[in-house]
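A.B. asks: What follows is a single structure, and I will ask about it in a moment.
Quick note: the coordinates plus some simple rules give every number you see, no bench work behind them. Model, not experiment: these values are computed from the prediction. Glycine also receives a Cβ, built like all others from the backbone with ideal geometry; neighbour counts cover every protein chain displayed.
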Amino acid sequence: MTEVPSPITGSVWKILVKDGASVSEGETIVILESMKMEIRVKSPHNGRVVEIRVKEGDSVLEDDVIAIIE
């Protein structure tokens, strides 16, 4: 299992996948907003989303775990 960290401090603007979804390497799973910029958080490899650990509107710090991919 792989933890997907937040690359930056910001807020969760949009969640594009649900728990249990299959994802491809490089697929955007969450979009963060920081300083009016959109930051796309991508899956590091092909797999299945075990858990999304944030909700839209949540604040996250750099390196907070956003999702778990297996």
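A.B. asks: Tell me, what is the FRET efficiency for Glu25 and Ser59 to the nearest 0.05, using R0 = 25 angstrom and their Cβ-Cβ distance as r?
C.D. replies: For R0 = 25 Å, the calculated efficiency reads 0.35.
A.B. asks: Work out from phi, with θ = phi - 60° and the Karplus expression 6.51 cos²θ - 1.76 cosθ + 1.60, the ³J(HN,Hα) of each residue of segment 54-62, listed in order in whole Hz, and give x for Gly and Pro.
C.D. replies: Karplus values, whole Hz, x for Gly and Pro: 10, 10, 4, x, 5, 8, 10, 9, 3.
A.B. asks: Taking the Cβ of Asp63 as the centre, find all other residues whose Cβ is under 14 Å away and add up their charges (Lys, Arg: +1; Asp, Glu: -1). Numbers along the way, then the final one.
C.D. replies: Working: positive: Arg53; negative: Glu3, Glu62, Asp64.
Charge balance near Asp63 sits at -2.
A.B. asks: All other residues with a Cβ under 14 Å from the Cβ of Glu38 taken together, and with Lys, Arg as +1 and Asp, Glu as -1, what is their net charge?
C.D. replies: After counting each charged neighbour, the total is +2.
A.B. asks: Follow-up question, since we're still on this one. Note down the net charge around Gly26, summing +1 for each Lys or Arg and -1 for each Asp or Glu among other residues with Cβ under 13 Å from its Cβ.
C.D. replies: Here the charged neighbours net out to 0.
A.B. asks: How are the Cα pair distances of segment 2-69 distributed, in percent, across 5 Å bins from 0?
C.D. replies: The percentages, shortest bin first, are 4, 20, 34, 25, 13, 3, 0.
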